[in-house]
Structure formats: structure tokens, C-alpha cells
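The values are calculated or read from the model by the stated rules, or taken from the named source; none is laboratory data. No experiment lies behind these values; they were computed from the predicted model shown. Here the Cβ is made from the backbone with ideal geometry for all residues, glycine too, and neighbour counts use every protein chain on show. Note: accessible area is taken over every heavy atom of the protein model, side chains too, but ligands, DNA and RNA are not part of it. Shrake-Rupley method; radii C 1.70, N 1.55, O 1.52, S 1.80 Å.
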Amino acid sequence: MEELVVNTLSVGDKWNLKSVEVISALQHHLEPYESWVVYASVLGDNREAFTFFFPLLAGLANELGARALWASILVEWSNLLLKWMIKGDRPYWWVGETDLYSNETRPELRQFANTCESGPGTPSGHIMMNVALFYVATKGISKHFIWNTKAFSTCQKSILSAVLYTAYLLWIGLIFVSRLYIQAHFIHQNILGIIVGLMVGHVAWSSKWLVKLSKVWAVVVACSLIGTTVSTYSLLLSQGMNPLWSVPLALKHCARAEYVKIDTQPFYLAMRFTGAALGLGLGLSSDQRHVVLNAPRNCIRTILIIKGGIVIGRMASMIQGSLPTDDMILFLTLSFGLNIALPFIIIALLPHFLLTVYYGN
């Protein structure tokens, strides 16, 4: 058994060493394009799924937005549990901690403002989120706006669909490279993120019950998410494991302490996905949304919903960034409330308000 553990660790070390070599090569060869590569991780950040891409997709099609947000919620929940159970170092602290390098051979890799995520690295949450979210988005856009329209021939539909899926694959490839480039993940962590992300994306796209929740079931699902999270956390503590073991390493090896963001830590993430699940569930079962779904679609109103949703999402992001962080309980309570309100507004109140204004009743 001990020999098996040693062999497993040696395989892990080999993967890590190879990944560091790849990271070093990427930072050398892609330096002229560094701003673009680094920005890919910013645009593909999990926060953007909640405050930008969800409002955008909900404006295009209400149910598509709901499925996209469910994908985001399920990614954050499953990623947090997997990171706690699997653990996994991140390159930017592993390079400084491992004894596989001497002081002379230890590579000097560059860090960036979005390098220092404080949670464990396995699997990659960025990869999971982008794979799952854009799996839903790609399938939804292909179905609703390509194959269900009479404006294109079958050949044209096939070409447009192929272009859309190619763009999806290229984007995931860019995120993969970006996460390596900024030292946020090792190669195997990204690969696992792709696998799990595809599974989550498929569940969010194909599960009918997710977009037909009653108010009672919305509360049940939200309680289940936070319940399993707290239970896992408590179980790890009872076994003598510290679920926050990675935070001191992040603070120790991050080039600048202010790069270690509080909203990459597990308690905030739990408030975000639990609040979003509750707000989305209540919005899906609301009377306002039922009125919207029964109203005829209108191009002008769709554009207004998209613009309004993105503005509200940006406002929510700004409010989140301004919340006081010196009192953790207050910060988490306010974050929970904000994440309940945002999906409820986007999925129900905003389209209902614009529908009422448009028809004047």
C-alpha cells in the first residue's frame, strides 16, 4: 500500500514538473501576447458567468439563461467539493515549496494579479466553468437561433453550427493555455476540469426539472447545496483535515498579498452558488416569469432585456466589490442576499417590467 502511495506521488511529481516546464516555455514564447493571454482568465473568470454571461444569455432566451446559470451554480458547488476532497497544489506555491528543486534550479516564473487564487487547484474551476457554461450556450444558440430558423438552408445551418462549435473549442483552448500561463493550474488539473465540466454542462442542458422548480423545491435545492457543503467541511474537520490548508500557502507565495482575493475563498463561493440557486429557483416559479413566457417575443424588448441585464449584472459586481470585508459574517450575509436578488431580477422582474412598459399595462 505504501509502495502504491509512493508511486502515485512520483507520478504526481512528474506531472507537476512537466507542467512547470510547459509554463516556463509558454511564458517565454507567448510574452509578446501576454496581455491577451492573461486577460483570457479575467474574461473567463467564474464571476463573469454570474454577472455578465447569465444576463446576456437570459436576454437572448429566458430558459437558456436559466440553464446557463444552473451550469454555473453546479460547477461552483461540485468544484468546491472536489477541491476539498482531492486537494491539489497550484504551481505558484508548489514551485516554492517542493524540494525537487534546489535554490539554483528553482525556476523563476512570473505572477500576475489573477494568479493568486487561494483554493486548492484540482480540478480547475475556470476550465470547468467555461466548458459547462459555453456547452449550454453553444447548444442553446445552435438550437434556438440556427436550426430553428427558416432563414438559412440546411447547408448554411451546418456551416454556422460548425463555426459556433469551433469557436467554443478555441475558447476552451485559450482558457487552458491562460490558466497554465499565469501559474494557476497544472496540466492534469485542466484536463480533469474539462471532463467534469462536460458532465455538468450536459446535466444543466438536458435536465428538464431544473427549469420547472416550484418555490418549495427551490428552497430544497438551495438547502441541499449549502447542506452538502457544510457537511463536507465538517467531515474534513472531524478527520483532522483543514479545508483551508491552501490559504496560508497562497499568502506565503503570492508576490503581493493584495492579489489573494477573498472572493476565491470557499465560504464566499458557498454563499454565491447557494444564493444564486435560491434566487433563480424563486424566479423560475414566479408569476412574473410565467407572464413573460406567455408573451410574444419582440426584437426590441429582447435587446432592452440584454442591455438592462448586463447593466444590472455590472452593478451587482460593483456592489460586491464594495462590500466590507473586515467583518466576515456581514460580508457573507450581504453577499448571500445580493446573489439571491440578481438572478431573480434577471430571470423574472426585469423582463416582466419591460413587458409591462412595452405594452403599457
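Around E31, what is the net charge, scoring Lys/Arg as +1 and Asp/Glu as -1 over all other residues with Cβ under 15 Å from its Cβ?
On the way: positive: R110; negative: E34, E108.
Neighbourhood net charge equals -1.
Taking the charge dipole of the chain about its Cα centre, with +1 at Lys and Arg Cβ atoms and -1 at Asp and Glu Cβ atoms, the residue from T333, F50, W217 reaching farthest to the positive side is W217. Rounded to the nearest 0.05, what FRET efficiency is calculated for C299 and S153 with R0 set to 22 Å and r the Cβ-Cβ distance? Efficiency computed from Cβ-Cβ geometry: 0.45. Take the Cα of M315, step 7 Å toward its Cβ, do the same at S207, and the gap between the two points is 3.1 nm. Among 88-96, 163-171, 305-313, sorting by the average number of other beta carbon atoms lying within 10 angstrom of each residue, highest first, gives 88-96, 305-313, 163-171. Return the aspartates and glutamates within reach of K87: Cα separation strictly under 18 angstrom, same-chain partners fewer than 8 residues apart disregarded; answer none if there are no such residues. K87 reaches D13, E76, E97, E117. The candidates F344, F54, arranged from most to least accessible area with a 1.4 Å probe in the full protein assembly, appear as F344, F54. Residues of the stretch 180-212 with the amide nitrogen closer than 20 Å to a label point 7 Å from the Cα of L169, along Cα-to-Cβ, please. Once the point is set 7 Å along Cα→Cβ of L169, 190-202 turn out to lie under 20 Å by backbone N, inside the stretch 180-212. Taking a straight line from the alpha carbon of K208, these aspartates and glutamates sit under 20 Å away, with near neighbours fewer than eight places off in the same chain left out: E63, D287. In this simple spin-label model, placing a label point 7 Å from the Cα along the Cα-to-Cβ direction at both R110 and L43 gives a separation of 1.9 nm.
Could you calculate the contour length gain from S35 to T333, that is, 0.36 nm times the residue separation minus the distance between their Cα atoms, to one decimal place in nm? Walk me through the intermediate numbers first.
Details: separation 298, 0.36 × 298 = 107.28 nm, distance 3.53 nm.
Separation in residues times 0.36 nm, less the Cα-Cα distance, equals 103.7 nm.
Among the listed pairs K83/K139; K143/K215; K143/K212, a Cα-Cα separation exceeding 24 Å is found for K83/K139; K143/K215. A straight chain from V219 to D99 at 0.36 nm per residue would run longer than the Cα-Cα distance by 38.4 nm. Placing +1 on each Lys and Arg Cβ and -1 on each Asp and Glu Cβ, with no other charges, gives the chain a dipole about its Cα centre of roughly 1640 debye.
So how do 283-296, 65-78, 323-336 stack up, highest first, on mean other-Cβ count within 10 Å?
Numbers: 283-296: 16.1, 65-78: 27.3, 323-336: 14.1.
Going from most to least packed, we get 65-78, 283-296, 323-336.
Note on K14/H290: beta-carbon distance plugged into 1/(1 + (r/R0)^6) with R0 of 51 Å gives a FRET efficiency of 0.35.
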